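Everything on this sheet refers to the single structure shown next.
The values are calculated or read from the model by the stated rules, or taken from the named source; none is laboratory data. What you are looking at is a predicted structure, and each value in this text was computed from that prediction instead of being measured. Glycine gets a Cβ as well: all are built from the backbone with ideal geometry, and neighbour counts include every protein chain shown.
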Amino acid sequence: MRLRWTIALAFIALALLQVAVVVPLALRNLSRLLTTQQEARVDQMMVAVDAEAARLREDVRAAMDELAQSQALEDVARDAARAPQPPHVTTAAATLMRPRNLDVLALLDDEGRTLSSGHLPARLGEPDDPLFALTKLSSRQAFSREVELSSPSGLVLAPAIVTARAIDYGDRRVWAIGGVLLDEARAKSLARLTGARVEVHSNGRLVAAAGETPRAPIRRAIGVGSVAEIRLAFSGADLIATRSEVLRAFIVLAALGFLLAIAAGFFISRRVTRPVEALTEAARQIALGTPGVKVPDASASGELKTLIATFNRMTDDLKTATDRLVASERIAAWQEVARRLAHEIKNPLTPIRMSLETLLAASQRGPGDERFMGIFKESANAMLEEVDRLKRIVDEFSQFARLPRPSLVELNLSEAAQQVMSLYAPHDGLRYVAEFEPGLSVMGDRDQLTQILVNLVKNAEEAMAPHGGGTVTVRTFSSGPDAILEVSDTGPGIPAALKERLFEPYVTSKPQGTGLGLAIALRIAQEHEGRLGADDAATSGARSTTGATFRLSLPRLSGR
């Protein structure tokens, strides 16, 4: 993986880690804070409910205190002793309760019998023990009690906040017991105040309710004495909506942060790795044989700038050393070629000189000497043969020195080899076997690759000819990323003395050879970015355990 991608992925991984760790933690803490705030608001509402209940008790107590001191109630106490009682006594409770906003008011004598009842008029003359029990309490506070009310289905019990006051007239005492009901009107009032669902329960019964049932309710309850309980259900919808909004905001922010992290990662990685990639490319070009490559340091800083400066100095030194080495090697190579060429040219000159000296000696005997013509003919033939050999040496050297650059085109190696081998037919004990793998495409110069194949086949023929012939096997096949052209023979193999120097110029085991054929083939292979090698035995396709195998490897076009 490239360094740029490694750094960019590191930024992305860091961003993901932050999102994975920070966002859940932040959401959890925020949710906890929102829940706490919601609970605090509910608690504030419950304080308001407590205050409303206390106000209700205070209103009842104040109303009954005012009633106990009123002239109207004193008149009722006075007239209640008369027999028969005046009519206004029996209706007094209903008259007295309405202006004081009381829901319950009963006037009882000192024995607990009902003189007048505003909430239950039918109880005249009957005892009302639950209410009369309040007269036994010394406290003037308001208490919760269940009182009887009339309904279409009969008498029902309803919770109320009530208190008792005594009115004395002479030796007679009248009790006024009044208060307010915890009914639907009170529930609606609390629902308006708190925005909650309000239910009033008494002894396990639902006696009043107001408000809509909320989503995700937060429930609270407050007791009203020992007979009633007010239950409130506050809506948690706002909390859910806030959580959803916050979650969406966090997701959007996390996504934006993630995208910014990706952009920053790519920007920073590109800025950081651009000098490194330039160094890598320069090193690759140097490895491919291009010395003196310079790396610009405009985008580098710090240690990278120092590294690039050092690298550029190193490539300058390397180019200088390489140029000197190449010049030295070129001089040494041409010196060796010149030495070998001089040696090869010197060999034919010796028999030419000897032939000329023989002719000169024979000419001194006179033109009539019978031996002169025979010697002349023999010497002329020898000199012509040696001159032809000199011409062949010079021609091959000229070809080696002026080998043109290859003209690379896409070609099918198997088809090119098949066309060449179609020109060969069995003769003089030589047999030819061709095995071609179809579809091997390479970039090459058809003429130069044909020259290699013809040269290798010719070498195989010349190696087997002195031994009565044999088999030449030509194969093409793929091996990994390479296309292989292989020529095998069943001859005597490669002489041990020549194995290490087989592809050097003027190295040959054939009496009439120049030693340039394999050198030219190797140079063509190298200029095709390929390799040419030789094995001692035909182990990769030929059926003989003797002979030699020459193998040309060329880069195969991908997908072909």
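Per-structure values
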quantity: Matching residues, the stretch 191-208, being basic (Lys, Arg), surrounded by fewer than 19 Cβ atoms within 10 Å (Cβ to Cβ) and assigned to a strand (DSSP E or B); calculated: Arg205
quantity: Any hit, the stretch 449-461, residues being within 51 Å of the chain's Cα centre (by Cα), of a type outside the set (Gly, Ala, Ser) and at pLDDT 90 or above; calculated: yes
quantity: Pairs with Cβ under 8 Å, 6+ apart, first in the stretch 230-245 and exposed (fewer than 15 other Cβ atoms within 10 Å of the Cβ), second at pLDDT 80 or above; calculated: Ala237/Pro214; Ala237/Arg215; Ala237/Ala216; Ile240/Arg215; Ile240/Ala216
quantity: For Thr35: the one exception among (1) assigned to a helix (DSSP H, G or I); (2) at pLDDT 85 or above; calculated: (2)
quantity: Matching residues in the stretch 209-224 - criterion: being within 17 Å of Leu56 (Cα to Cα) and crowded, with 16+ Cβ neighbours inside 10 Å; calculated: Val224
quantity: Residue check, Gly118 closer than 25 Å to His88 by Cβ and more than 60 Å from the chain's Cα centre (by Cα); calculated: yes
quantity: Single residue of the stretch 137-188 satisfying the filter (of a type in the set (Gly, Ala, Ser) and out of contact with any strand residue (DSSP E or B) (no Cβ under 7 Å at 6 or more places or on another chain)) that is nearest to Leu105 (Cα to Cα); calculated: Ser150
quantity: Single residue of the stretch 423-481 satisfying the filter (of a type in the set (Ser, Thr, Tyr) and closer than 20 Å to Thr549 by Cα) that is surrounded by the fewest Cβ atoms within 10 Å (Cβ to Cβ); calculated: Ser479
quantity: Residues (modelled with pLDDT under 90 and either among the hydrophobic types (A, V, I, L, M, F, W, C) or under 51 Å from the mean Cα position of the chain (by Cα) (or both)) located in the stretch 465-478; calculated: Ala465
quantity: Residue in the stretch 267-275 that is surrounded by fewer than 16 Cβ atoms within 10 Å (Cβ to Cβ), over 30 Å from Thr36 (Cβ atoms) and at pLDDT 80 or above present; calculated: no
quantity: Residues satisfying the stated conditions in the stretch 482-525, i.e. in a loop (DSSP other than H, G, I, E, B), at pLDDT 85 or above and surrounded by 22 or more Cβ atoms within 10 Å (Cβ to Cβ); calculated: Thr490, Gly491
quantity: Selection within the stretch 122-157 - among the β-branched types (Val, Ile, Thr) and either surrounded by 16 or more Cβ atoms within 10 Å (Cβ to Cβ) or in a helix (DSSP H, G or I) (or both); calculated: Thr135, Val147
quantity: Residues (closer than 23 Å to Ala83 by Cβ and among the basic types (Lys, Arg)) located in the stretch 112-150; calculated: Arg113, Arg123
quantity: Residue match in the stretch 7-14 (condition: assigned by TED's automatic domain parsing to the domain that holds Arg248, out of contact with any Ser or Thr (no Cβ under 9 Å at 6 or more places or on another chain) and exposed (fewer than 14 other Cβ atoms within 10 Å of the Cβ)); calculated: yes
quantity: Filter pass, Glu39 being surrounded by 13 or more Cβ atoms within 10 Å (Cβ to Cβ), closer than 30 Å to Gly236 by Cβ and of a type in the set (D, E, K, R); calculated: yes
quantity: Ala77 vs. criteria outside any helix (DSSP H, G or I), farther than 30 Å from Ala221 by Cα and among the aliphatic types (A, V, I, L, M); calculated: no
quantity: Residue match in the stretch 471-478 (condition: out of contact with any strand residue (DSSP E or B) (no Cβ under 7 Å at 6 or more places or on another chain) and not charged (D, E, K, R)); calculated: no
quantity: Cβ pairs under 9 Å, 6+ apart, first in the stretch 505-529 and more than 29 Å from Arg556 (Cβ to Cβ), second modelled with pLDDT of 85 or more and outside any loop (DSSP other than H, G, I, E, B); calculated: Ser509/Ala463; Lys510/Asn459; Lys510/Glu462; Lys510/Ala463; Gln512/Glu462; Gly513/Asn459; Gly513/Glu462
